[in-house]
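Below is one structure, written out as structure tokens; the observations come after it.
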Amino acid sequence: MPNKKTIFIIAGEVSGDVLGANIMRELRGVNFVGIGGQNMRDAGLKSIFPMSDLAVMGITEVLANARTLTRRINETIQKIIDIKPDLILTIDSPGFARSVISGLKKSNAGQDLIRNGLKFYHVVAPQVWAWRPGRAKKYAKTFDKLYAFFEFEVPYFTQHGLETIAVGHPIADNIMGKYSVKKSRGKKIVALMPGSRKTEVKKLMPVFRKFVEIVGDKYKFVIPTVETTDAFVRNAVANWSVQPDIISANNRYNLYEKTFVAVAASGTVSAELAMMGVPAIIVYRMNWLTTMIGKALVHTKWVSLVNVLLQRSVYPELLGASASAKNIFREFNRITTDDKVRNQMIAELKSADKLWRPDDTSVGARIAADIKKSI
């Protein structure tokens with residue numbers, strides 16, 4: 001890279017922000033502009049607006065924020081046209097990414113950039129093996145290259161002509177071989193993980209409150225929060241009969257080392273817990289419309305990745321109406337009162353270790369090394 005290149009990078013969620021920062025640190029001498037959170041800003045990103053504007057999930061939630069998203073899409077397109085980057089790298093947030101690229105391709109200025117060599121690379125393959133397999137073909141029409149986490153995902157996209165590289169799961173870089181389970185002093189710790197999006201946190205916090213009331217003060221409850229949900233969570237727990245500790249999500253791995261059981265929203269956190277061998281119960285609540293549509297479209301038995309990879313129910317999953325305090329306590333009671341159940345779960349989690357990444361090279365370094373060949 002003889003001349004200083006510019007990459008326009010977009011991340012819309014906390015996990016993407018962390019991975020984006022890791023990629024940026026591996027690409028020295030590159031100018032980064034785009035959208036990201038605190039991690040990417042610390043790595044040198046000039047973010048054009050807050051990442052939290054993109055942190056919505058679910059059909060009705062997206063509709064409720066449609067005006068803001070439309071404005072941000074147009075702002076992003078114009079910024080790309082203005083700075084003329086050498087590459088656009090999008091990390092997850094596929095709806096926003098595809099809308100931006102589509103808008104660019106429809107504009108004369110965007111077409112000029114593409115004719116001059118602008119490429120579109122995307123990190124995180126959609127789970128086409130679980131639902132909406134037609135997305136693989138759409139990705140092939142939108143992006144020039146895809147970085148998938150797992151080898152089994154690659155053929156779904158290469159069959160449509162999209163160059164796809166399996167890079168491993170980025171969470172493994174931060175966890176595997178770096179942490180070990182420790183016994184906590186005093187009360188055993190129960191980690192409550194309501195998610196990183198305000199919409200999901202608002203739905204799960206009342207359920208968590210009822211669960212805590214059932215369990216009582218026999219355990220110590222701890223809730224890690226991200227910058228976009230911290231104030232809401234602190235306000236929500238102010239009147240709980242059993243007060244949980246609230247910590248920054250940046251310290252969550254140290255928490256996991258001492259966690260006896262976790263109750264976690266479906267998502268990236270379930271993979272983190274699995275890699276660290278933490279027994280957990282996976283829960284999720286969505287708007288009723290999102291739930292109904294999801295049931296009609298999803299073609300996999302599980303939502304937590306460790307269950308998908310091992311093709312069996314390692315973590316119990318309570319989704320939609322099943323994610324009640326009563327049901328959570330039932331599973332919690334099984335794990336905490338039967339050592340055989342708990343030990344079997346830990347052994348199953350250990351058996352998945354070899355599936356998380358190809359080798360010891362970090363995902364950020366692997367992606368960055370490939371990008372260096374292109375710019």
Positions within segment 144-163 being touching a Ser or Thr at 6+ places or on another chain (Cβ under 8 Å) and closer than 23 Å to Ala21 by Cβ, in sequence order: Lys145, Leu146, Tyr147, Ala148
Log entry, pairs with first residue in segment 96-122 being in contact (Cβ under 8 Å) with a residue 60 or more places away in the chain and under 15 Å from Lys138 (Cα atoms), second being outside any helix (DSSP H, G or I) and acidic (Asp, Glu), beta carbons closer than 8 Å, six or more apart or on different chains, reads Tyr121/Asp144
Scan of segment 16-45 for residues that are farther than 20 Å from Ile375 by Cα and surrounded by fewer than 20 Cβ atoms within 10 Å (Cβ to Cβ), ordered by number: Gln38, Arg41, Asp42
For segment 311-360, what are the residues that are surrounded by 17 or more Cβ atoms within 10 Å (Cβ to Cβ), among the charged types (D, E, K, R) and in a helix (DSSP H, G or I)? Glu331, Glu348
Just to be sure I understand, how many residues within segment 100-144 are crowded, with 17+ Cβ neighbours inside 10 Å, out of contact with any strand residue (DSSP E or B) (no Cβ under 6 Å at 6 or more places or on another chain) and in a loop (DSSP other than H, G, I, E, B)? 5
Does Phe211 count as of a type in the set (Phe, Trp, Tyr) and within 23 Å of the chain's Cα centre (by Cα)? no
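So is Gly168 in a loop (DSSP other than H, G, I, E, B) and more than 22 Å from Asn307 (Cβ to Cβ) or not?
Judged against the criteria, Gly168 is not a match.
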All conditions in (1) in contact with a Pro (Cβ under 7 Å, 6 or more places away or on another chain); (2) assigned by TED's automatic domain parsing to the domain that holds Leu204 are true of Val363 except (2)
Over segment 338-363, the set of residues under 20 Å from the mean Cα position of the chain (by Cα) and under 21 Å from Ser304 (Cβ atoms) is Leu349, Ala352, Asp353, Leu355, Trp356, Arg357, Val363
Give me the pairs, please: first residue somewhere in segment 4-19 and part of a strand (DSSP E or B), second residue anywhere and of a type in the set (Ser, Thr, Tyr) and at pLDDT below 90, beta-carbon distance under 8 Å, and either six or more positions apart or on two chains. Ile10/Ser93; Ala11/Ser93
Looking only at segment 197-220, count how many residues are modelled with pLDDT of 95 or more and part of a loop (DSSP other than H, G, I, E, B). 1
Tell me whether segment 236-249 contains one or more residues that are in a helix (DSSP H, G or I), modelled with pLDDT under 95, within 16 Å of the chain's Cα centre (by Cα) and assigned by TED's automatic domain parsing to the domain that holds Val212. yes
Could you tell me whether any residue of segment 186-196 is part of a loop (DSSP other than H, G, I, E, B), crowded, with 19+ Cβ neighbours inside 10 Å and either at negative phi or aliphatic (A, V, I, L, M) (or both)? yes
Taking first residues from segment 364-375 that are on the phi < 0 side of the Ramachandran plot and second residues anywhere that are among the small types (Gly, Ala, Ser) and assigned to a helix (DSSP H, G or I), the pairs with Cβ under 9 Å that are 6 or more apart or on different chains are Gly364/Gly20; Gly364/Ala21
Evaluate segment 319-335: report whether one residue or more is at pLDDT below 90 and either aromatic (Phe, Trp, Tyr) or in contact with a His (Cβ under 8 Å, 6 or more places away or on another chain) (or both). no
Selected residue [surrounded by fewer than 18 Cβ atoms within 10 Å (Cβ to Cβ), among the aliphatic types (A, V, I, L, M) and at pLDDT 95 or above] from Ile77, Ile91, Ile59, Ile83: Ile83
Quick check: anything in segment 298-310 of a type in the set (A, V, I, L, M, F, W, C), part of a helix (DSSP H, G or I) and modelled with pLDDT of 95 or more? no
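The values are calculated or read from the model by the stated rules, or taken from the named source; none is laboratory data. Just so it is clear, the structure is predicted and the values come from calculations on it, not from any experiment. In this analysis, Cβ positions are derived from the backbone assuming ideal geometry, glycine residues included, and neighbour counts consider all displayed protein chains.
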